[in-house]
Amino acid sequence: MSSRREQLELFRALPGDMAPRDAQDLMAYPFFSLAKSRRTRPIDYRAGGVTVRVEGTAEHGIATIWDADILIWAASQIVEARDAGITTSRLMRATPYEILRFIGRGVSRRDYQRLRAALDRLQATTIATSIRESTGRRLHRFSWINEWKERTDACGRPLGIELILADWFYAGVVDAALVLTIDPAYFRLTGGIERWLYRLVRKHGGRQSDGWQFDFRHLYRKSGSMAKPCDFACDLRALVARQSLPGYVLGIERMPDDGTELLTFRPVPLTARG
């Protein structure tokens, strides 16, 4: 890689199963496209002093919420190693098989190609945000992955992948207070809004027995979705009907004064999870 690589100590991904961990900042704000089709229109979110602007290239588009699975894998590796007293680094090495297996994907040629495309989008996507900037006025600008490459031996046989994570992302992961464990069933969620909502619910609802609630309009702004508000609301109602979010029960309530719809969510009691 570049001279930047020479300044970083290599962290080799750990073998074996581990709990998936997600970065709380990525769960709470609209950093990713929720569509599987290419999105080039920027995500522009501003609320309460928080700024998030995400841009993609015409070639790759904005990184998707499925691409973010790679960042969940990276966060899980870093936390697992840190807890074991192993030195971690933004420079990581792994095999495509290890990454794909962790995030619940297949290992066909097409899956490997999709992994490469996801890495390209993560590198090509640029973010400007005030999150974790003390004044709220300055913006931190970065890409999820600074660079990545496929390694081969002298005969051209594949040896795996090396990548360098953004320092903003890495700093959030090594701070234990900014990472949450998520349900492995998350990787089986197929819809973009469904995945986004699980992460938001896990972040805000946590394990509070009384749960939490958001009005539909707030959720729409939080999502960064390009769907029409009415279509977004229909998707939320469908998710409530399906009850597909692992570990949570969804509901809908209406405000008696103006009929505003509220999405409610609370954890499933541990005794009922089986």
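Some values worked out for this structure:
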| quantity | calculated |
| --- | --- |
| Surface/4 estimate of mean projected area, convex hull on alpha-carbon atoms of region 189-272, nm² | 5.7 nm² |
| Top of Arg199, Arg101, Arg121 by mean-square fluctuation, Gaussian network on the chain, Cα under 10 Å | Arg101 |
| Set of lysines with alpha-carbon distance to Lys149 below 28 Å, sequence-local pairs under 8 removed | Lys36 |
| In order through region 215-231: 3J(HN,Hα) via Karplus (6.51 cos²θ - 1.76 cosθ + 1.60), integer Hz, x for Gly, Pro | 7, 4, 5, 5, 4, 4, 5, 5, 7, x, 5, 8, 5, 5, x, 5, 5 |
| Helix 192-205 axis, angle to the chain major axis (alpha carbon atoms, nearest 10°) | 80 degrees |
| Distant alpha-carbon pairs in region 3-181 (separation over 22 angstrom), percent | 45 percent |
| Net charge of neighbours whose Cβ lies under 12 Å from the Cβ of Met27, counting Lys and Arg as +1 and Asp and Glu as -1 | +4 |
| Extension gain from Thr95 to Glu253, taking 0.36 nm per residue of separation minus the Cα-Cα distance | 52.2 nm |
| Under 5 Å, built H, 5+ apart or other chain: amide partners of Glu147 | Ile164 |
| The chain, helix-only ellipticity at 222 nm - DSSP H runs n ≥ 4, -39,500 (n - 2.57), divided by all residues, nearest 500 | -10000 deg cm²/dmol |
| Taking N as its residue count, the alpha carbon Rg of region 37-130 over 2.2 N^0.38 Å | 1.24 |
| D (Stokes-Einstein, µm²/s), Kirkwood Cα radius, region 119-171, 1.306 mPa s at 10 °C | 124 µm²/s |
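Computed from the coordinates by the stated procedures, all read-outs in this text should not be read as laboratory data. It should be emphasised that the depicted structure is a prediction, and the values quoted were computed from it without experimental measurement. For neighbour counting, all protein chains shown are included, and Cβ atoms are generated from backbone atoms with ideal geometry for every residue, glycine included.
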